[in-house]
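Notes to accompany the following structure.
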Amino acid sequence: MARIKCLPRDVVEKIAAGEVVERPASVVKELVENAIDAGASAIAVEISEGGMARIAVVDDGCGMDPEDLKSCVLRHATSKIAVGEDLFRIGTMGFRGEALAAIGAVSRLAILSRPNSPDVVEGARIDVDGGVANGPVVAGCAGGTQVEVRDLFFNVPARRKFLRSAAVEAGHIMDVVETLALSHPSIRFDLTADRNRRLSLPVCIDDGSAMLGMERVISVLGGKFRGRLIPLEERGVEISIHGWVAEGGRAGGKDAHFFLNRRPVRDRILMHALVEGLEEREIAGAGPAAVLWIEIDPMQVDVNVHPAKREVRYAKGGAVHDFVKASVRKAIAACGSWIVDRESRIVMNDSYPSDGVALTMRRFEDRRLGVPLLYKEGIGEVDRDLPLLTSPYKGGGLRPLGQLGLSYILCEHEDGSLALIDQHAAHERLAFDVLRAQFADGRVHVQRLLIPQRVELGAKESAVIIEQLGALENAGFEVEPFGGGSVMVKAVPEILGDAAVAPLFARLADEFEELCSSVALAEAVERIFAVVACHRQVRAGDKLSPDEVSALVADIERHGVATCPHGRPAIVRIERSEIDKWFKRT
Ligand code: ADP
Ligand code: MG
C-alpha cells in the first residue's frame, strides 16, 4: 500500500502562505514594502476590522502592465533578482517573489495597476480568490498600484482563530507602518482604520543635510521629543551608524527602532548595545528612545532571513555590539545638556528605581537560554555545579550577616553553611506566593487609588490590556478603557504598595501581547501576579536596613523560597566543608 502521497497544490500553497502571512500586519508589511520598491512617493493604507475584513494599499509607484500583473501573483515571481549572487546585494525590500502569491492563497486579493508613464492610459485588474486567479482584465486606474485584500484567512479557519481583537491587530499594523515610515522619510504615509485617520506623515524634504528624517522621527515618536533628540553619527571600517537617541521613551524598548541596511530589525544585540551605551541613564519606568540606522557591509550580515521575522545574523556580532555602544556613549558625552545622574534618577521615581529596559533584556536573555518565563520549580538552564536549593528552603536556622554589593543577603545557617540570598528574586517569589494564596482564598487584597491614574500606553498596548480586563479584575486591579491609547487605573493589588503604575502596565501589555486572547483565565492571572511581584519588590542595588534584612530572612524561613517566579535561583548555599577546602583545612 502506498502511504506516501504528494500534497495537493492548494495545500502546499496554504502551507507556504502561512510562513509569509501570519496576521494582517504581515500583509500590510509586504504590500507597503512592494510600494516602496515600486518607487512610490505617497502610500495610503486603509484597514477595516484590524485588517481582518479589508486591507487596501494604494501607491503612486511605477505600476505594472497586464503581463506583469499576471505574473506578479505567481510563486517565486519577482522583478528584483535574477541570479543567485544577487541575493547578497539586495537593495530592495522584497526579493523572494512570494508575498503576493501567498496573500492570494489565503484571501480574496484584487490588484489594479497602471504603469506610471504618460503614454499608458489604461490600467488592468487581476483577482485571486483563495489561490484561484482571474484576469487580468482592462480596468480604470490611476498611475500606480492599488492592492485590496479582503477576508484574510477565510479559507484557513485555524489561522483565523489565532488572530486577536481588531484593536490589537490594528495596533500591529500601526507598528508596521510607523517603522516603515521612519526609514522612508521622503515618502508620504497615511493610515486609516475603520475610516478614522490614524497616521498622517507628510513628506520630509531632503535638504541634503543630515537632519533629513528628524521631522519624521518626531512625528512618529511624538512631539515631546522635539529639541530633545541627540544626533549620532559614526563611521567604522565595515560599519557606520547614524540617527538619534533620547531619554524618556516608553518602557520595554518600545521607542527604540533599529534599521540594518535600511531594513527594520528587532535585534537583541543592538538593543543591548543601546542600553549599555546609555549607561542605564533611562529614568525609572521609561526606556530609551532611539532611531538608529546602521549600515554594515552586506557580506557581513545574513539578510536571507525568514520574511515574517526581523532577526539578523552577523558575521561579527561582538564587533557590531561594541561599535554601537561606543557610538551612543560618544554622542551623549558630546551633548552635555543631558545628564541624569543616578541620584536624581532615584529622586524622580515615585518608588524605587525600576528598569524597564533591563527587564526586557533579561526576558530576551531568558528566551534565548530557553528559561521558562513563569515559575518553573527548580532550576532553569543554570550551571548544574552550583550548590542550589532545588526544593524551597524552609525552616529556621538562618542568621543574617549582612548585604553583599547591595544585591545579596549573606546568612549563616546553623549547620555551618553559608547561604547567599538574591534579595530581588526572594522578595519576588514571596510576593508571588502571597498573591496566589489570596487568589486561592477567593480574593486578592485590593487598594483603591486616592486619585485614579490615567496611564498612557499607545493604541496596541491599551488594546491588549483591555482584552484582559477580566483577568486583571481577578488579579486585584480595577481598570477602565479611557480612549486615546490610555487606560484609567482605579485600584491595584494591595501588595504593590506605592510602586509606580505606569511601568507596571507597560510590562503587563508586553506580557499580554504574547498571550493568546483565549488563554485560560487562571494562566492570565498568574502572569499578572508574576509581573506585580516583580514590580513591587526590592531590587538588586537597593540598600536594605538591618531590620529589612531580618524581615526578609524571617519571611523566607516561614514561607520557603527556592526560585523567583521566572525560575531563576533565589538561594545558593555553600557547605562549610567546601569553605574549609578552600582554606586547606581538610
Ligand atoms: P517580491 O516583492 O519579493 O518581488 P512580491 O510577491 O511581493 O515579491 O511581488 C512580486 C512582483 O510584483 C514584484 O517583484 C514587483 O515586480 C511586482 N509588484 C508587486 N507590488 C507592486 C507594486 N505596488 N507596484 C509595482 N510592482 C509591484
Ligand atoms: Mg514583495
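The values are calculated or read from the model by the stated rules, or taken from the named source; none is laboratory data. Computed from a prediction, not measured in an experiment: that's the story for all the values here. Neighbour counts run over all protein chains shown; Cβ positions are idealised from the backbone, glycine included. Protein only, heavy atoms only, side chains kept; ligands, DNA and RNA dropped before computing areas. Shrake-Rupley method; radii C 1.70, N 1.55, O 1.52, S 1.80 Å.
If S71 passes every condition in (1) over 25 Å from L191 (Cβ atoms); (2) in contact with a Ser or Thr (Cβ under 8 Å, 6 or more places away or on another chain); (3) of a type in the set (S, T, Y) but one, which one does it miss?
(2)
Can you say whether A509 is of a type in the set (G, A, S), within 19 Å of G249 (Cβ to Cβ) and surrounded by 22 or more Cβ atoms within 10 Å (Cβ to Cβ), as far as the supplied structure shows?
Yes, satisfied.
Identify, please: which residue in region 172-186 is at pLDDT below 90 and small (G, A, S) and is, among those, farthest from E467 (Cα to Cα)?
Here the residue is S186.
Only residues that are at pLDDT 80 or above and either among the polar types (S, T, N, Q) or open to solvent by 20 Å² or more (accessible area, probe 1.4 Å) (or both): list them for region 300-316, please.
Q300, R313, Y314, A315, K316
Might you let me know whether region 89-100 holds any residue that is open to solvent by less than 40 Å² (accessible area, probe 1.4 Å), of a type in the set (A, V, I, L, M), more than 16 Å from ligand 2 (Cβ to nearest atom) and at pLDDT 85 or above?
no
Residue-wise test of (1) open to solvent by less than 60 Å² (accessible area, probe 1.4 Å); (2) within 28 Å of V203 (Cα to Cα); (3) within 15 Å of ligand 2 (Cβ to nearest atom).
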position: A35; (1), (2), (3): yes, yes, yes
position: A44; (1), (2), (3): yes, yes, no
position: G51; (1), (2), (3): yes, yes, no
position: D60; (1), (2), (3): yes, yes, no
position: K70; (1), (2), (3): no, no, no
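Condition check: farther than 16 Å from A101 by Cβ, more than 28 Å from the chain's Cα centre (by Cα) and β-branched (V, I, T). Does I4 satisfy that? Spell out the reasoning first.
On the way: farther than 16 Å from A101 by Cβ: yes; more than 28 Å from the chain's Cα centre (by Cα): yes; β-branched (V, I, T): yes.
Yes.
Is at least one residue of region 568-586 open to solvent by less than 10 Å² (accessible area, probe 1.4 Å) and under 24 Å from L398 (Cα atoms)?
Yes: region 568-586 contains one or more residues that are open to solvent by less than 10 Å² (accessible area, probe 1.4 Å) and under 24 Å from L398 (Cα atoms).
Does any residue in region 151-170 that is part of a helix (DSSP H, G or I) come within less than 6 Å, Cβ to Cβ, of a residue that is open to solvent by 30 Å² or more (accessible area, probe 1.4 Å) six or more places away or on a different chain, and which pairs are these?
Pairs found: A166/E49.
Taking the conditions exactly as written (in a loop (DSSP other than H, G, I, E, B), away from ligand 2 (no atom under 16 Å from the Cβ), among the charged types (D, E, K, R) and assigned by TED's automatic domain parsing to the domain that holds R125), does R197 satisfy them or not?
Against the criterion (in a loop (DSSP other than H, G, I, E, B), away from ligand 2 (no atom under 16 Å from the Cβ), among the charged types (D, E, K, R) and assigned by TED's automatic domain parsing to the domain that holds R125), R197 does not qualify.
Taking the options L229, L274, L270, L191, name whichever one is surrounded by 16 or more Cβ atoms within 10 Å (Cβ to Cβ) and closer than 30 Å to S48 by Cβ.
After applying the criteria, what remains is L191.
One residue is enough: does region 117-127 have a residue meeting the conditions open to solvent by 60 Å² or more (accessible area, probe 1.4 Å) and in a strand (DSSP E or B)?
Checked region 117-127: at least one residue is open to solvent by 60 Å² or more (accessible area, probe 1.4 Å) and in a strand (DSSP E or B).
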